[in-house]
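The values are calculated or read from the model by the stated rules, or taken from the named source; none is laboratory data. Remember, predicted model here, so these are calculated numbers, not experimental data. When we count neighbours, we look across all protein chains shown, and the Cβ atoms used for this are built from the backbone with ideal geometry, even at glycine.
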Amino acid sequence: MATAQTSTSFGPGGAVRAREVSYRGGMQPGYLMAELAAYYDAFGYQPALDEPDDHMAVTLGFVSYLKLKQAYALAAGDTERARIAEEAAANFLKDHLAAYAAPVAAALENSGPDFLAEAGKMVLSRTGAPPDSARISRSHWPAEAESDEITCGAPAVGDGLIQFRP
């Protein structure tokens with residue numbers, strides 16, 4: 001039996017970048033990874049995959065886990081816990097997966113096998129377009145930050161420290 005070979009490869013050098021950090025220009029990766037770890041920890045999610053917390057396979061696994069928690073809570077008659085799991089899944093889809101579902105789906109459409117291209121479309125249909133909060137820009141900075149002096153540390157004594165101004 002012959003196996004089909006594909007040109008799709010994931011990772012930093014691959015055709016499809018499947019990590020959220022790849023699509024979050026301007027955001028420091030540590031903040032993103034800490035936020036994801038906090039989400040996972042809050043709900044007791046322990047990824048079974050040996051991938052970074054922002055990898056699409058891990059984030060999709062988390063949404064599936066939340067939906068399972070929602071179903072379990074409903075079956076147990078615990079509507080409050082079901083609501084919490086449902087809201088967490090919706091917020092996570094909007095705040096995280098929506099930020100990179102479209103570019104991953106497009107990359108899979110152009111270079112992936114049909115089943116992965118369909119999976120990308122399916123994820124995109126569940127997340128929709130990225131919210132404005134997924135785009136990092138200076139418009140979120142306080143107005144006074146534009147004119148404040150930006151320094152690094154205490155003022156220099158002598159000529160040893162260079163101060164940068166916006």
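At a glance:
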quantity: Whichever residue in region 31-60 is in contact with a Phe, Trp or Tyr (Cβ under 8 Å, 6 or more places away or on another chain) and without any contact (Cβ under 8 Å) to a residue 24 or more places away in the chain and, among such residues, is nearest to V16 (Cα to Cα); calculated: D53
quantity: Candidate set from region 114-142 (those that are in contact with a Lys or Arg (Cβ under 9 Å, 6 or more places away or on another chain) and of a type in the set (A, V, I, L, M, F, W, C)); member that is modelled with the highest pLDDT; calculated: A134
quantity: Subset of region 61-71 that is among the hydrophobic types (A, V, I, L, M, F, W, C) and free of Cβ contacts under 8 Å to residues at least 24 places away in the same chain - its residue that is farthest from G120 (Cα to Cα); calculated: A71
quantity: Test for T3: is it exposed (fewer than 11 other Cβ atoms within 10 Å of the Cβ), modelled with pLDDT under 95 and closer than 21 Å to E109 by Cα; calculated: yes
quantity: Subset tally (residues that are closer than 20 Å to A18 by Cα and either touching a Cys at 6+ places or on another chain (Cβ under 6 Å) or of a type outside the set (S, T, N, Q) (or both)) for region 61-89; calculated: 5
